[in-house]
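Structure record follows, encoded as structure tokens.
The values are calculated or read from the model by the stated rules, or taken from the named source; none is laboratory data. Since the structure is predicted, the reported quantities are computational estimates derived from the model, not experimental observations. Note: ideal-geometry Cβ built from the backbone for every residue, glycine included; neighbour counts use all protein chains shown.
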Amino acid sequence: MALKGDLKDMSLSSLISINCNEMNQARLTIRHQGREAALFFADGNIAHVVLDSQEGEEAIYELLTWEEGEFELEQGVAPPKRTVTTGWSRLLLEGMRRMDESAAGPEVDWDEVEMSETDQTAERIVRALKRVPGIDGALICSRQGEVLGQKMAGDPAKEAALTAFVGRRSEELGFLLCAGQWERLILSGQARKAMVVPCRESNYLGLVLGRRAPVEALIESVRTTLRRYE
């Protein structure tokens, strides 16, 4: 029996993440404003995509801009051919990058900013992370909620206090459950998604994620950035 739904309730990036992580062989059909597309999953990745007469990776990038549409997921359907070779997480990140670039206009030369010798490490980390598509804001705070570095809209002090609170409670919960060192906590609501991660020198990293951000794909980008500044 096919699973049916609406992209308003479950985004395409979420559908891709679920099917690839679960190693499903399936066909995902999407209908939007009289157009129809199909994505085929196999071996933990996207194997084939077709949108109208277009096939392959460029079709995925257009599909990721669809915020509305009906979808139907059929399990056990093999891809008729392979037109996609890039890993699913890289595809999602590239799709988010293109959407962010289109919305923001000319790209800022962040490399020059990141490598400024006057920047503190915390500031360099949050600026590097803010460059990642799908991350709308980033800050690093101490266990007591002191802002060490931030690239955040709104009130950074308030966000830091919340990040520190969540970080400390996550540590306590991990201890009580005998789960060992915690790695991340993801909070998802109707208005936004957020992630809290333990950071260098017993600090906490707080991230505000875009509503359509592919969380699983972003985790590796966060890890890579943090390792760069260890």
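Rundown of residues vs (1) at pLDDT 90 or above; (2) of a type in the set (S, T, N, Q); (3) in contact with a Ser or Thr (Cβ under 8 Å, 6 or more places away or on another chain); (4) over 18 Å from GLU94 (Cβ atoms), yes/no style:
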residue	(1), (2), (3), (4)
LYS8	no, no, no, yes
MET23	yes, no, no, yes
THR29	yes, yes, no, yes
ARG35	yes, no, no, yes
LEU51	yes, no, no, no
TRP66	no, no, no, no
GLU74	yes, no, yes, yes
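When region 121-144 is limited to residues that are closer than 15 Å to PRO198 by Cβ and of a type in the set (Gly, Ala, Ser), the one that is modelled with the lowest pLDDT turns out to be ALA122. Counting the residues of region 76-91 that are touching a His at 6+ places or on another chain (Cβ under 9 Å) and either surrounded by fewer than 18 Cβ atoms within 10 Å (Cβ to Cβ) or of a type in the set (Ser, Thr, Tyr) (or both) gives 4. Screening the candidates LEU28, LEU15, LEU39 for the property of being touching a Leu at 6+ places or on another chain (Cβ under 7 Å), outside any strand (DSSP E or B) and assigned by TED's automatic domain parsing to the domain that holds MET96 yields one hit, LEU15. Determine if region 52-60 includes at least one residue that is in contact (Cβ under 8 Å) with a residue 40 or more places away in the chain and in contact with a strand residue (DSSP E or B) (Cβ under 9 Å, 6 or more places away or on another chain). Within region 52-60, not a single residue is in contact (Cβ under 8 Å) with a residue 40 or more places away in the chain and in contact with a strand residue (DSSP E or B) (Cβ under 9 Å, 6 or more places away or on another chain).
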